[in-house]
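Chemist: Got a structure for you, written out below as C-alpha cells; questions coming shortly.
The values are calculated or read from the model by the stated rules, or taken from the named source; none is laboratory data. This is a predicted model, so every value here is computed, not measured. Cβ placement follows ideal geometry from the backbone for every residue including glycine, while neighbour counts extend to all protein chains displayed.
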Amino acid sequence: MESMLDYIKNYPKMIRDAIEATKAAMLPKYDSNDFDKILVCGMGGSAVGGDLLKDLLRSSELCWPVEVSRQYKPPAYVDNKTLVFCVSYSGNTEETLSQFVEVRKRGCKIISITSGGKLRQWSERLGIPIVKLPSGFKPRAAIPYLFVPMLVYLSDYGLKPGLEEAIETLESKVCTHEKNEKIRKIADIIKGRSINVYGPADFEAVVQRAKNQFNENSKLPATWAVFPELNHNEIVGYEDNDLNKEAYVVILRDSEEDESMETRIETTKEIIRSKVKGVVEIHSDGKSKLARTISLLYYVDLLSYYLAVAESKIPEKTDFIDKLKSVLAEKIGLVKKLESELI
Ligand code: F6R
C-alpha cells in the first residue's frame, strides 16, 4: 500500500482516471424531465463527494437541489423523480446499503459509485449502473474518485465543471515543493492541539472535510463551522471562558473573497485571537470555483498528513472506525438482513 502522502500527491492523476472510469461505465442518460432533484447517499469519506457537489451546484448553471444523506433512511420526499448517487468506496457500509435498498423500493434513478463489496454485487445483480473504482485505497484518500464521476455525469446535462482547469491549477500551483513546505511549517506550529476549522459557507464541504481529515489522519479533536453562520453562535462560545486556550483556529480563505467576507473574517480574528493559542490561514489557488475548492481540499489533506507525522501518528490507520464497524456487523448483522430483502 502506498502512503497517504503518495495518494494526496496523486490527486491530479486520480481526477483524470476518475473521468475515464465514468466514461467507461456507459451510464444511462435520462431525460432531464425524468428527475427534479439529486440525492447523494454515503458516509464519511464517501459522503464528502456529495458535499462538494452541493457546494459546486449552488453557483452553477444547473439548478437541481442536492441533498447529502448520511444515515440509514433517505428523506421522505425522495421519490422516482430523484437521481440518486449511492457512494461507498468499500461498498460495505451498512448505512449506505440500507439507503440503497430503500431508494430502489422508491423507484429512484440510481447510480452506484464503488470499488466493490455488496454495493457492487447488488448493483450488478439488479442491473443498476456502476462507476467501478480501483481498489486498495483508504476511502478518504480516494476523494477524487468519489466526486469527479458525479461531475462528469452531470456535464451531459449542461454542467461545466472545469475539470481540466482544476487539474492544471493542481499541477502548476498547488502540488509544488514551495506549497508543500508552507503546509509542513503550519503543521509544525499547530501539531498536537485541538483545531477549530472555519471558512466561507461557499466552501462548507472543504471546511467539514478538513475537520474529518484532522480526526482521521491526524488523530486530533476538531470542530468546524462556516462564515457567516459561525458569527451568530460559535463565536459566543469563546466568551467568558478559556476553554479554547490551547486550541488553534485554522481559517480557509478564498482567493476570490469579497470585501464584506474579508471584513467579517478579519473582525472575527480580532475578537477571538486572545482566546486561542493562535490563528493560521490557508488560501485557495486557481480561478474557477472547482479549482479553488480542490486546491483547498489538497492543502487541508496535506496538512492533516503532516500533523500526523509531526506527532508520530499513522495517518492510514483508523482503528476505532474499524472496530466499531466489526462489532456492529457482528451484533446487528444489518447487511445480511438487507440482502434477504433484496431477493
Ligand atoms: C476511511 C474513511 C471513512 C469511510 C466511512 C465509510 O478512510 O474515510 O470515513 O469513508 O467509514 O466507508 P465507505 O467509504 O467505504 O463507504
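Chemist: Does VAL84 fit the bill of being within 13 Å of the ligand (Cβ to nearest atom) and either modelled with pLDDT of 95 or more or under 19 Å from SER295 (Cβ atoms) (or both)?
Modeler: It is false that VAL84 is within 13 Å of the ligand (Cβ to nearest atom) and either modelled with pLDDT of 95 or more or under 19 Å from SER295 (Cβ atoms) (or both).
Chemist: Name every residue in the range 168-182 that is surrounded by fewer than 21 Cβ atoms within 10 Å (Cβ to Cβ) and either of a type in the set (A, V, I, L, M, F, W, C) or in a helix (DSSP H, G or I) (or both), in order of residue number. Give the steps one after another, and end with the answer.
Modeler: So in the range 168-182, the residues surrounded by fewer than 21 Cβ atoms within 10 Å (Cβ to Cβ) come out as 168, 171-173, 175-182.
Of everything in the range 168-182, those that are surrounded by fewer than 21 Cβ atoms within 10 Å (Cβ to Cβ) and either of a type in the set (A, V, I, L, M, F, W, C) or in a helix (DSSP H, G or I) (or both) turn out to be GLU168, GLU171, SER172, LYS173, CYS175, HIS177, GLU178, LYS179, ASN180, GLU181, LYS182.
Chemist: For the range 44-52, check the following and say yes or no: at least one residue is outside the structural domain of ASN212 (by TED's automatic domain parsing), under 30 Å from SER312 (Cα atoms) and surrounded by fewer than 23 Cβ atoms within 10 Å (Cβ to Cβ).
Modeler: The answer is yes, given that some residue of the range 44-52 is outside the structural domain of ASN212 (by TED's automatic domain parsing), under 30 Å from SER312 (Cα atoms) and surrounded by fewer than 23 Cβ atoms within 10 Å (Cβ to Cβ).
Chemist: Still on this model: Mind listing just one residue for me: the one in the range 227-264 that is of a type in the set (A, V, I, L, M) and out of contact with any Pro (no Cβ under 8 Å at 6 or more places or on another chain) and, of those, surrounded by the most Cβ atoms within 10 Å (Cβ to Cβ)? Give the derivation first.
Modeler: The initial filter retains those residues of the range 227-264 that are of a type in the set (A, V, I, L, M), namely 230, 235-236, 243, 247, 249-252, 261.
Restricting the remaining residues to those that are out of contact with any Pro (no Cβ under 8 Å at 6 or more places or on another chain) gives 230, 235-236, 243, 247, 249-251.
Values: LEU230: 21, ILE235: 16, VAL236: 10, LEU243: 9, ALA247: 20, VAL249: 23, VAL250: 25, ILE251: 19.
Among residues in the range 227-264 that are of a type in the set (A, V, I, L, M) and out of contact with any Pro (no Cβ under 8 Å at 6 or more places or on another chain), the one surrounded by the most Cβ atoms within 10 Å (Cβ to Cβ) is VAL250.
Chemist: Further question: Residue check: is GLY117 surrounded by 16 or more Cβ atoms within 10 Å (Cβ to Cβ), within 16 Å of the ligand (Cβ to nearest atom) and either farther than 24 Å from LYS289 by Cβ or aliphatic (A, V, I, L, M) (or both)?
Modeler: So GLY117 passes the test.
Chemist: For residues in the range 1-21 being buried (at least 19 other Cβ atoms within 10 Å of the Cβ) and hydroxyl-bearing (Ser, Thr, Tyr), which is nearest to the chain's Cα centre (by Cα)?
Modeler: Here the residue is TYR11.
Chemist: Return the pairs, sorted by first residue and then second, in which the second residue is among the charged types (D, E, K, R), the first residue lies in the range 268-279 and is touching a residue at least 40 places away in the same chain (Cβ under 8 Å), the beta carbons are less than 9 Å apart, and the residues are 6+ apart or on different chains.
Modeler: Close Cβ pairs (under 9 Å, with a partner that is among the charged types (D, E, K, R)) amount to VAL276/LYS245; VAL276/GLU246; LYS277/ARG193; LYS277/LYS245; LYS277/GLU246; GLY278/ARG193.
Chemist: Hey, another quick one. Look at the range 93-111 and say how many of its residues are within 16 Å of the ligand (Cβ to nearest atom), part of a loop (DSSP other than H, G, I, E, B) and farther than 22 Å from VAL148 by Cβ.
Modeler: Summing the residues that are within 16 Å of the ligand (Cβ to nearest atom), part of a loop (DSSP other than H, G, I, E, B) and farther than 22 Å from VAL148 by Cβ in the range 93-111 gives 0.
Chemist: Related question: Determine whether the range 72-87 contains at least one residue that is aromatic (Phe, Trp, Tyr) and touching an Asp or Glu at 6+ places or on another chain (Cβ under 6 Å).
Modeler: Yes, the range 72-87 contains a residue that is aromatic (Phe, Trp, Tyr) and touching an Asp or Glu at 6+ places or on another chain (Cβ under 6 Å).
Chemist: How do the pairs read when you match residues in the range 110-129 that are modelled with pLDDT of 95 or more with residues anywhere that are part of a helix (DSSP H, G or I) and of a type in the set (Ser, Thr, Tyr), using Cβ under 7 Å and keeping only pairs 6 or more apart or on different chains?
Modeler: ILE111/TYR153; SER112/SER123; LEU119/THR96
Chemist: Hey, another quick one. Check whether at least one residue in the range 22-44 is without any contact (Cβ under 8 Å) to a residue 24 or more places away in the chain and basic (Lys, Arg), and report yes or no.
Modeler: no
Chemist: Output the residues belonging to the range 85-103 that are of a type in the set (A, V, I, L, M, F, W, C) and closer than 16 Å to ASP51 by Cβ.
Modeler: PHE85, CYS86, VAL87
Chemist: Which count do you get for residues in the range 323-335 that are exposed (fewer than 12 other Cβ atoms within 10 Å of the Cβ), of a type outside the set (S, T, N, Q) and assigned to a helix (DSSP H, G or I)?
Modeler: Counting residues in the range 323-335 that are exposed (fewer than 12 other Cβ atoms within 10 Å of the Cβ), of a type outside the set (S, T, N, Q) and assigned to a helix (DSSP H, G or I) gives 5.
Chemist: Quick check on the range 224-236. Is at least one of its residues closer than 19 Å to TYR298 by Cβ and in contact with a strand residue (DSSP E or B) (Cβ under 7 Å, 6 or more places away or on another chain)?
Modeler: At the first step, the residues of the range 224-236 found to be closer than 19 Å to TYR298 by Cβ are 224.
Now narrow it down to the ones that are in contact with a strand residue (DSSP E or B) (Cβ under 7 Å, 6 or more places away or on another chain): 224.
Checked against the condition, which is being closer than 19 Å to TYR298 by Cβ and in contact with a strand residue (DSSP E or B) (Cβ under 7 Å, 6 or more places away or on another chain), the range 224-236 yields at least one hit.
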